[in-house]
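See below for the structure under consideration.
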Amino acid sequence: MGDGAERGNAAARRTPQRQRSAGATLTTERGWQYALAPESREIVSIEPEYGLFVGGKFTAAESGGTFETVNPATEEPLARVAMAGVVDVDRAVAAARTAFEQTWGPMPGAERAKYLYRIARILQERSREFAVLESIDNGKPIKETRDVDIPLAAAHFFYYAGWADKLEYAGFGSDPRPIGVAGQVIPWNFPLLMAAWKLAPALAAGNTCVLKPAETTPLTALLLAEVCQQAELPPGVVNVLTGAGETGAALVAHPGVDKVAFTGSTEVGIAIAETVAGTGKKLTLELGGKAANVVFDDAPVEQAIEGIVNGIFFNQGHVCCAGSRLLVQESVADHVVDRLRRRLTTLRLGDPLDKNTDIGAINSRQQLDKITELSAAGEAEGAHRWSAPCELPKKGFWFAPTVFTGVSQSHRIAREEIFGPVLSVLTFRTPEEAVTKANNTPYGLSAGVWTEKGSRILWMAQRMRAGVVWANTYNRFDPASPFGGYRESGFGREGGRHGLAAYLDV
Ligand code: NDP
């Protein structure tokens, strides 16, 4: 090592931790730029039109209706997709019923497992194709689809394939039975992953499915339908109905559906609960959240900063369990916010297909409007807004990473789910105050805690009313781990052994 480096290290040893880490920040202010690293979109062939997947075949909607799906990063139309109506819901539910009674229901678990393993392996083999398509249709960065969405989707199929022939050991009796036909409605924030969360446990348990993807992100669900064909899954076991909210409403209300699973907004979740009430259908709801990410003064600051960034800026903040409220101990608040802003200036916003991109596009104009409106409300109510200085592309739907300080608990940005790259910072002095503020929300999906003390982690985890509490990390998912909320975040668990309960007659 040369003299210069020696001198630098010696200087660093004398420099307090805060100043040293601040100086190490890599910023583009010095003129340093990443070279473009675009993933090729050649691997994906997007058809001009897509049909519904019913009874193992792609078919047009009975009404002939279609809608357009666009690339949110460019507003470029991608394809026209069939709009399923009531008659199509009837057809899909009938196909699922036949498959449940004649093939999938009676099939031994070990045989069902083979199909699930096959789907998982095909997802791995075609992972690049899925990753590119997901980024194009959703707007999320390729490094997230490539490293998170698609591997986790495959992992869910692998995991539940393992359960298919072991259901009698899952703790639900010696011969747990499937429920029947599952109607599953999923959102646009993790389109393929949500499909995997819903389909894999349902199929492992012996149910058949009718899946309704979100209107703005239908393409990977349709590619998954193609994978079902490729895996030679018996016709009718999985059906995919693309369409609008009315399609979802018709599906959950259909008398031939035995079990309803929904992920999405609390508002629609409540409407579905009203529809299903009194029908005898089983229901799981995974709804919104307004999670607290709590940082104590003894937390390892650099790690906590990464956790805060991952907590709210991962997937443009379109995450139900996002750490959208940062609760930071007052004594370190200024330092943490300063470090956070510096870190945010290094995030790269832009082309979702570029492998260097950290922040992709907002999924739709409608969602952008909602984020814009709530951010304006934050300013109007007196909070201080800071947005990372990044240039937004001229076309498409974009929102710069934004941090609000001076937020009080009554502000809308501290109470409502923004579902975008917007963080609200609040402070606390004592652990008791942190718990009170963390729990001051109608939601209860997730929370995070950052501290060096193990005993404090346990103390906090026992008191924070959230389905998942992450300690010194955030947004970690694993198919073996149950996930879900309570209060306005919904009920029921997905993932793990618990996720099987929702699809068994127990
Ligand atoms: P929705 O809850 O409306 O959509 C979720 C899914 O439900 C979509 O497939 C949607 O179809 C479908 N759907 C809509 N209306 C009905 C209905 N009456 N019955 C059955 N299914 C229905 O979410 P949005 O996409 O409209 O987003 C609105 C807000 O919800 C966001 O701003 C965000 O705050 C929150 N949200 C929360 C999510 C979470 O995981 N917690 C996920 C997505 C959104 P379609 O797409 O065709 O409308």
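The table that follows gives values for the structure above.
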| read-out | value |
| --- | --- |
| The chain: angle of helix 219-230 to the longest principal axis, Cα-based, in degrees nearest 10 | 50 |
| Calculated FRET efficiency for the pair Glu391/Thr66, C-beta based, R₀ 41 Å, to 0.05 | 0.70 |
| Amide H partners (placed H, <5 Å) of Thr427, local residues excluded | Val328 |
| Qualifying GluC sites (Glu not before Pro) for segment 446-506 [loop in DSSP, other Cβ within 10 Å: at most 14] | Glu452 |
| Segment 289-471: antiparallel DSSP beta bridges as a percent of all, rounded to 5 | 15 |
| Label point distance in nm, Glu381-Arg348, each placed 7 Å from Cα along Cα→Cβ | 3.6 |
| Mean projected area (nm²) of the alpha-carbon convex hull when the chain is viewed from all directions | 25.1 |
| Set of segment 394-423 residues, backbone N closer than 12 Å to the point 7 Å along the Cα-Cβ line of Arg341 | 403-406 |
| Cα-Cα over 27 Å, subset of Lys166/Lys259; Lys57/Lys143; Lys198/Lys290 | Lys57/Lys143 |
| Simple label model, 7 Å out from Cα along Cβ direction - Trp459 to Val87, nm | 6.6 |
| Relative packing of 499-506, 272-279, which averages over residues the other C-beta atoms within 10 Å, highest first | 499-506, 272-279 |
| The chain: angle of helix 454-463 to the longest principal axis, Cα-based, in degrees nearest 10 | 50 |
| The chain, accessible area per residue, ligands and nucleic acids excluded (1.4 Å, Å²) | 40 |
| Positive-end extreme of charge dipole, the chain - chosen from Thr357, Gly323, Ala99 (charges on Cβ) | Gly323 |
| Qualifying aspartates and glutamates (Cα of each under 15 Å from Cα of Lys370; at least 8 residues distant if same chain) | Glu267, Glu379, Glu416, Glu417 |
| Segment Ser481-Trp32, extension gain: residue separation times 0.36 nm, minus the distance between their alpha carbons | 157.5 nm |
| Placed amide H near Gly444: partners under 5 Å, 5+ positions off or other chain | Lys290, Tyr486, Glu488, Ser489 |
| Stretchable slack from Ala244 to Ser45, in nm (0.36 nm times residue separation minus alpha-carbon distance) | 69.2 nm |
| Cβ-defined net charge surrounding Ile150, 14 Å radius [Lys, Arg +1; Asp, Glu -1] | -2 |
| Radius 9 Å from Cβ of Leu219, net charge of other residues (Lys, Arg +1; Asp, Glu -1) | -2 |
| Total formal charge among the other residues, if their Cβ is under 14 angstrom from that of Glu306, Lys/Arg +1 and Asp/Glu -1 | +2 |
| Extension gain from Thr473 to Arg128, taking 0.36 nm per residue of separation minus the Cα-Cα distance | 121.5 nm |
| About the Cα centre, charge dipole magnitude for the chain (Lys/Arg +1, Asp/Glu -1 at Cβ), debye | 1160 |
| Interchain or long-range residues, amide H under 5 Å from Trp470's placed H | Ala447, Gly448, Val449 |
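The values are calculated or read from the model by the stated rules, or taken from the named source; none is laboratory data. On a predicted model such as this, the values are computed, not experimentally measured, just so you know. Cβ sites come from the backbone with ideal geometry, for glycine too, and all protein chains shown count toward neighbours. For the accessible areas, the whole protein counts, side chains as well, though only heavy atoms, and no ligand, DNA or RNA atoms are used. Shrake-Rupley method; radii C 1.70, N 1.55, O 1.52, S 1.80 Å.
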